[in-house]
Amino acid sequence: MMNFTDEQRMIQEMVQKLARDKIGPMVKEADVSGHSSSEIVRLLAENDLLKMALPEEYGGIGASYTTIALVVEEMAKVDASTAMILFVTQSLIQILKQWGNEKQKERFFGQMCSGDKVNAFSLTEPNFGSESAAIQTKAVLDGDHYIINGTKIFVTNGDIADFILVFVRTGEGERHRGLSALVIEKENAPGFMVGKHEDKLGLRGSDLAELIFQDAKVPKENLLGQQGKGWDILMTGGADMRAYGPGAMAVGLARGALDYAVNYAKQRIQFGGPLSNLQAIRFMLADMSIQVDAARSLLYRTVRYMDSGPGEKGLRSRLVSSTKCFASDVAMKVTTDAVQILGGYGVMKDYPVEKMMRDAKMIQIFDGSNQIQRVIVAKSLLS
Ligand SMILES: Cc1cc2nc3c(=O)[nH]c(=O)nc-3n(C[C@H](O)[C@H](O)[C@H](O)COP(=O)(O)OP(=O)(O)OC[C@H]3O[C@@H](n4cnc5c(N)ncnc54)[C@H](O)[C@@H]3O)c2cc1C
């Protein structure tokens, strides 16, 4: 489909094998429990997948956006939750690469080089989701520390993260002009605690938690960029992750559902022959395949563009949002059709496609809903 380097193909094959042989067998238990599996996280760490984005000089892999997308895609083919734990961890590393100063890189990357650290990204609040410019969690500089008060919700990896990028209001101006980004080190933030663990429809093997800040104290050195730069951080590194994160997850998930449906249709006998002999089923499979290939091509185009340099701002954001939106709509359609092709077995927990359908629904919502992605695409087109 695209020319990947030998190294990228090697990593892709390694992840395929890891996902199929080791992670796959543990996925059901995590889905039933509604919690991430510490064993899965351990495997990610052991295989250096939690430090893919970390620069080589800090002991990481120095993976490109394309390589990370390939890894997330292959993992999501088997389990979207594991892909989620992984990409969110890479997103904080990417943002630190772009926005961290040398001291911060040394300090945070120095700890992340062990390869077992999990990261989180926290923007959403009870009263502000899509309207992120209006968030209210406040951080006030008091001597050498920021004092943070407020509540964040729906934080992926929130229960298990070692480092969390938190967007706060420092008040330089109204709405987006008054936002800043702080790195919270879980072990070094008195007044910070993890709240409610969410029990959700899909992606049940990745944790989603509430975070509570009650006069939480965070060293002022943990501010990324300058005070008031939070929105810029969100619009650059925060936006980029939609391609190698949910975009790649959705492509992997859709590929997994298509493969399963094709094999099932070849084996299930009705009316004296396999389902795959029926034109109605053949056309459904054909449409699924067309959509998967289109989403995959768009994903690779986008991450290639991101790897080629900063590029043109409007085009970059349009490609990223189009990828997230299109790929997750495709994943929703393809997983739903896979369930349909399996008939009654499709909605049974003994078969993987009902979980894939539940997981796909989540991707249409998180990291900016697909309505918001369409707002961004339209803005880029019309400005
Ligand atoms: C599985 C999962 C993981 C998540 N992980 C994280 C995370 O790690 N960190 C984090 O900060 N957040 C996370 N979130 C939160 C997620 O990003 C928000 O749920 C999402 O941005 C939507 O916000 P909301 O839920 O408040 O919906 P609302 O903003 O209340 O929107 C409700 C509906 O209205 C639509 N809508 C809102 N505004 C507009 C508009 N201007 N135009 C058109 N339609 C609009 C939305 O598309 C949606 O359909 C996660 C959510 C989920 C489900």
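Any read-out appearing in this document is the output of simple, stated calculations on the displayed coordinates, not a laboratory observation. The structure displayed is predicted, hence computed values, not measured ones. Using ideal geometry, Cβ is built from the backbone for each residue, glycine included, and neighbour counts are taken over all protein chains shown.
State whether the range 65-108 is rounded, prolate or oblate according to the following rule on the C-alpha gyration tensor (a ≥ b ≥ c being the square roots of its eigenvalues): a/c under 1.5 gives rounded; otherwise a/b larger than b/c gives prolate, and the remaining case gives oblate.
Numbers: a/c = 4.31, a/b = 2.57, b/c = 1.68.
It comes out prolate by the Cα gyration axes.
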* Structure fact -> At the level of C-alpha centres, the distance separating the range 7-22 and the range 109-149, in angstrom, is 33
* Asked: Considering amide H positions built from the backbone, and no H for Pro or chain starts, which residues 5 or more places from LEU165, or on another chain, come under 5 Å of its amide H?
  -> ALA120, PHE121, SER122, ILE184
* Asked: Got a sec? Charge dipole of the chain, +1 on Cβ for Lys and Arg, -1 for Asp and Glu; which of VAL375, MET362, MET52 is way out at the positive end?
  -> VAL375
* **Taking the C-alpha atoms of the range 247-286, convex hull volume expressed per residue in Å³** => 51
* With Cβ to Cβ distances under 12 Å as the rule, what net charge do the other residues near PHE167 carry (K, R +1; D, E -1)? -> +2
* Nearby lysines by direct alpha-carbon distance to LYS51 (threshold 20 angstrom, same-chain neighbours under 8 apart not counted) -> LYS17, LYS22, LYS97, LYS103, LYS105, LYS117, LYS186
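Net charge within 13 Å of SER369 by Cβ-Cβ distance, Lys/Arg positive one each and Asp/Glu negative one each, not counting SER369 itself?
Numbers: positive: ARG242, LYS324, LYS361, ARG374; negative: GLU131, ASP329, ASP367.
Taking every other residue near SER369 into account, the sum is +1.
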* Asked: Which one of ILE269, ILE11, ILE93 has the biggest mean-square fluctuation once the chain is modelled by GNM with Cα springs under 10 Å?
  -> ILE269
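Using a simple charge model, +1 on the beta-carbon of Lys and Arg, -1 on the beta-carbon of Asp and Glu, nothing else, what dipole does the chain show about its Cα centre, in debye to the nearest 20?
1000
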* For the residues LYS313, LYS186, LYS51, what sequence is obtained by ranking on other C-beta atoms within 10 Å, fewest first? -> LYS313, LYS186, LYS51
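Just in the range 288-362: which chymotrypsin sites (Phe, Trp or Tyr not before Pro) are loop by DSSP and have at most 14 other Cβ atoms within 10 Å? Intermediate results must be reported in sequence, preceding the final value.
Values: sites: TYR300, TYR305, PHE326, TYR345; in loops: none.
Sparse-neighbourhood loop chymotrypsin sites (Phe, Trp or Tyr not before Pro): none present.
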* Given N residues in the range 1-138, what is Rg(Cα) / (2.2 N^0.38 Å)? -> 1.13
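Divide by every residue of the chain the summed helix terms, -39500 (n - 2.57) for each DSSP H run of at least 4, and state the resulting mean residue ellipticity at 222 nm, rounded to the nearest 500 deg cm²/dmol. If you can, show how the numbers build up before the last one.
Details: 12 runs with 178 residues, N = 383.
After summing the helix terms and dividing by the residues of the chain, the value is -15000 deg cm²/dmol.
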* To do: Give the Rg (one decimal place) followed by the Dmax (whole number) of the chain, computed from C-alpha coordinates and expressed in Å.
  => 20.8, 79
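In terms of the ratio Rg/(2.2 N^0.38 Å) built on C-alpha atoms, what value belongs to the range 208-292? All intermediate terms of the calculation are to be shown ahead of the outcome.
Values: Rg = 23.7 Å, N = 85, 2.2 N^0.38 = 11.9 Å.
Ratio of Cα Rg to 2.2 N^0.38 Å: 1.99.
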* **Cα pair distances exceeding 19 angstrom across the range 231-382, given as percent** => 54
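Quick one, what does Rg over Rh come out to for the range 119-228 if you take C-alpha atoms and the Kirkwood Rh?
Working: Rg = 13.3 Å, Rh = 13.9 Å.
My calculation puts Rg/Rh at 0.96.
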* Per-residue HN-Hα couplings for the range 147-162 [Karplus 6.51, -1.76, 1.60; θ = phi - 60°; Hz; x = Gly/Pro] -> 9, 10, 9, x, 10, 10, 10, 6, 9, 4, 6, x, 6, 10, 6, 8
